[in-house]
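Taking it in order: structure first as structure tokens, then the write-up.
Bear in mind these aren't lab numbers, they're just calculated from the coordinates by the rules spelled out. Just so it is clear, the structure is predicted and the values come from calculations on it, not from any experiment. Please note: Cβ atoms are built from the backbone with ideal geometry, for glycine as well, and neighbour counts cover all protein chains shown.
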Amino acid sequence: MERQDTDKEKEKGRPTAELDSQKAELAGQETFEWVSVLRQRIEEANRAYYGLDRPKITDAEYDALMQELMALEREYPELVRPDSPTQRVGGYIAKAFNKVVHAEPLLSLDNAFHAGDLREFDRRVRAISPHAEYIVELKIDGLTVALTYADGILSCGATRGDGTVGEEITANVKTIGAIPLRLPQSRARLDIRGEGYMPKASFLQLNQEREEEGESTFANPRNAAAGSLRQLNSKVTAKRKLGFFAYQVLGVDGQGLTTQEEVLAFLASLGFVVNPEFRKFADVESLIAYCEGMAEKRHGFPYEIDGLVIKVNSLAEQRKLGFTAKSPRWAIAYKFPAEQVETVVEDIVVRVGRTGVLTPTASLTPVLVAGSTVSRATLHNLDYIREKDIHIGDHVLLQKAGDVIPEVVKVLPEKRTGSERSFGMPAVCPECASPVLQEEGEVAHRCTSISCPARQREAIIHFVSRAAMNIEGLGPALIQQLLDAELIQDAADLYFLEFDKLITLERMGKKSAENLLEAITESKARGLGPLIFALGIRHVGEKAGKVLAKAFASMQRLAEATQEELQQIPDVGPIVGRSIVQFFALESTRRFLDKLRQAGVNMEAEAWEQPGLLAGKTIVVTGTLERWERREIETLIERYGGKAAGSVSKKTDFVVAGEKAGSKLAKAKELGIPVMTEEEFGVYLEKAGAPTK
């Protein structure tokens, strides 16, 4: 049955209530006044989205504004101006970056929102190319990145900018493992276009870390990726774990390619990551059915997609169809409808994290969104609540940012009854009643007590986590049990737990108690790097813990280090250095470390933790492992001075391949790079006298 486009569907993503009110005020006045309001709102949205990586309105609202402006300009052509948002590609160029003039314009795509839009696109294409085939690719929600290779070597990376001029971000794109620094085939010049993006898992981790540190969070993976690639310090970009999919060769005429399908295969042969989820269609109805079906499957990918890109497959037909001033006539973007649902903010409660940051969280009337029932959504901080004007009792629109994090999009003020209540951050900590302070220049409010029970609970959860002391079987629920039973007060007390008292806990059997005590004992030899990370020093992450362990070799030396000494270490700047000094100056820190020493926790860097056997070697691990977890083997490589890389290149020294190793193993064989099994790698280390546990 053919799907009909309804008025209800066309209303999705309509402008905000504020704009509706503005429109009503202008009723009866000249159309050009309303056009001016629309242009101003769109330009403000462009600057917030592209320039600041902080969107003020949703994508659906932006699309609705643009659609209305385009409709008015079609109806009144005399109102069209060269500087109208409809006549430009969009984007924003920050003054902090060098400008790059693109080899050819990087145009944006026209949008299709309904089946009728796709049929109209097909009609226009077939009027010129009656036998056209289409390639449909996923529309990754990231940002366009243009790459230039000179003589096979990456020489420039740039943002799209305004389509003609972009921002030069070469140092940042070089940190992305999916982007080859050197091509296997040397050409005088090759220009590649692709999408830089942040995987959902990386987005979730980044926002959790920023919220924990009291920093503002990113609205969605696209803005997180843009903010990461537009960093002035490439070390920050490197930590963000970005991905990249290549999809276009600019100036393709000299490459002997005839279709978009061949372009994708050519890019893959050069070592680029090409998204495998593309399909070919010969008729528009099959294409429409696929597009509508993918709207239901969009949440199954490890990255966010907001639609599909439809391209005429033949490059010759693409040239015949040509371009408008801002878009190709041979391609269109099918945008998925925004998945937003209405719910009610029943209450706003405050959670205290391990660094003392107070995070307000909305308790919501449970509602199904993006495949799961949601009853809570973080509201980040007081500024966020005030900016969105959220009250207890408000009806709100909810969506999942990056298909992962429940997010309040906006309030529906027209549904207020007068019974709604405003929210204020508490003056004292809800967990321990200590004063709450907001430091100058920070958005976060913090509990001032280092002994706050909530801070202790979160600190213990962090201490035992896999990347820290890796104490298996000790989850949040059991930690709460231990605290409630007063068997522990902090993480150091874990090392003094006794079997007889542990077994008295509810649902704690003999075997479970024995296993837990064994895991706690094993963690004593975890190593200095993980221990430093486990301490929860503000701004000191997992990688910084390893760097500090190698630099100082003992907890005592690190505790005595001055800020000047710390800042001589790579990746340690003034903020991190000051945080470390302040942490070790606390009496509570000294007491905590004394308890760890008394328990026999290793606080020295073992000889085998220093660079040696694998110094200077780049190693790629691929496939399913049995002996080690992925994190364990990569940590082992780093302990011996090697680098655990994510992709195979000519710089790779050897590959460790487990079961079901795929493209990385194939590429290693193609390049003649040595390959070891997991067992062979273990024997290799042990023969050299290196402990592997």
- Item | Förster-model FRET efficiency, 51 Å R0, VAL443 and HIS131, C-beta, rounded to 0.05 | 0.35
- Message: Based on the alpha-carbon set only, what is the convex hull volume of the chain divided per residue, in Å³?
- Response: 196
- Item | Net lengthening on full extension, LYS235/LYS320 (0.36 nm per residue, minus Cα-Cα) | 26.2 nm
- Message: What distance in nm separates the two pseudo spin-label positions at VAL344 and GLN185, each 7 Å out from Cα along the beta-carbon direction?
- Response: 6.4
- Restricted to pairs 8 or more residues apart or on different chains, the lysines in segment 610-687 with C-alpha atoms under 17 Å apart form a number of pairs equal to 12
- First select every other residue whose beta carbon is under 14 angstrom from the beta carbon of ASN233; then total the charges, Lys and Arg +1, Asp and Glu -1. +4
- Task: Calculate, in nm to one decimal, what ALA467 and ALA525 gain on full extension: separation in residues at 0.36 nm each, minus their alpha carbon distance.
- Result: 19.5 nm
- Per the 1/(1 + (r/R0)^6) rule, R0 = 45 Å and r from the Cβ atoms of ALA268 and GLU213, FRET efficiency to 0.05 is 0.70
- Per the helix-only model, the chain has a calculated mean residue ellipticity at 222 nm (DSSP H runs of ≥4, -39500 (n - 2.57) each, divided over all residues, rounded to the nearest 500) of -10500 deg cm²/dmol
- Task: Can you pull the one-decimal nm distance between simple spin-label points at GLU626 and SER363, each 7 Å off the Cα toward Cβ?
- Result: 5.0
- Message: Per 0.36 nm of contour for each residue apart, how much would the distance between SER588 and VAL80 grow if the chain were fully extended, relative to their Cα-Cα spacing?
- Response: 176.2 nm
- Query: For SER155, what is the net charge nearby, where nearby means another residue's Cβ is under 13 Å from its Cβ and Lys, Arg count +1, Asp, Glu -1?
  - Reply: +1
- Note on the structure: The simple spin-label model distance between GLN205 and GLU486, using points 7 Å out along Cα→Cβ, in nm, is 4.0
- Item | Förster-model FRET efficiency, 56 Å R0, VAL101 and ALA427, C-beta, rounded to 0.05 | 0.55
